[in-house]
Amino acid sequence: MVLLLLCVGAFAQTSKQEARKNLTVKEWNRGDAGKGPRFLDHVTKYDAKGRKIEDVEYTSSNTMKARCTYEYGDNGKVSREVVYNEHNKPVRIRKFEYNADGTKKKQYNYAPNGKLQSVKEFEYIR
């Protein structure tokens, strides 16, 4: 029973990634309780493997508010995130380490100049 559930879960994840291959998702918003003009709120881009590679958030005046890019390791997990400000300048870099079961082990937080600022460790308790 457990094996079947794991297989179904893996299939669902694979199907989701298949559907997102080379996809760009644009989210539109309307202010004033849905009566105002439509504006671009958010754009998410996926790569040829269906993995999220970029998130961009916009203001109601269609200027970029923030952007985040994602890189992946051999394990298929996010290995690096770079967060940019409204001027498209990096403000934070995160790198990740994972446990053998795929859960996050550590998150390293760097300044844009590459200086390590902090390390977050993850603990899983059942």
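The length gained on full extension between ILE125 and SER60, counted as 0.36 nm times the residue separation minus their Cα-Cα distance, comes to 19.2 nm. Exposure proxy for ILE125, ILE53: other Cβ atoms within 10 Å of each Cβ, ordered fewest to most, give ILE125, ILE53.
The GluC sites (Glu not before Pro) found in the range 64-126 that occupy coil by DSSP, while having at most 12 further C-beta atoms within 10 Å, are GLU123.
Taking other residues whose beta carbon is less than 13 angstrom from the beta carbon of HIS87, and scoring Lys, Arg as +1 and Asp, Glu as -1, yields +2. Pairs spanning more than 22 Å between alpha-carbon atoms, out of LYS26/LYS120; LYS89/LYS115; LYS52/LYS95; LYS45/LYS120: LYS26/LYS120; LYS45/LYS120.
Where only DSSP H runs of four or more residues are counted, the chain gives -5500 deg cm²/dmol as its mean residue ellipticity at 222 nm, each run worth -39500 (n - 2.57). Taken about its Cα centre, the range 2-121 carries a charge dipole of roughly 120 debye when the Cβ of each Lys and Arg holds +1 and the Cβ of each Asp and Glu holds -1.
The Cβ shell under 12 Å around GLN17 holds other residues with a net charge of +4, Lys and Arg each +1, Asp and Glu each -1.
For Rg/Rh (Cα atoms, Kirkwood Rh), the candidate list reads (1) 1.05; (2) 1.21; (3) 1.12; the entry that matches the value derived from this model is (1).
A short reminder: the numbers here are calculations on the coordinates, not readings from a lab. What you see is a predicted model; the values in this text were computed from it and never measured. In this analysis, Cβ positions are derived from the backbone assuming ideal geometry, glycine residues included, and neighbour counts consider all displayed protein chains.
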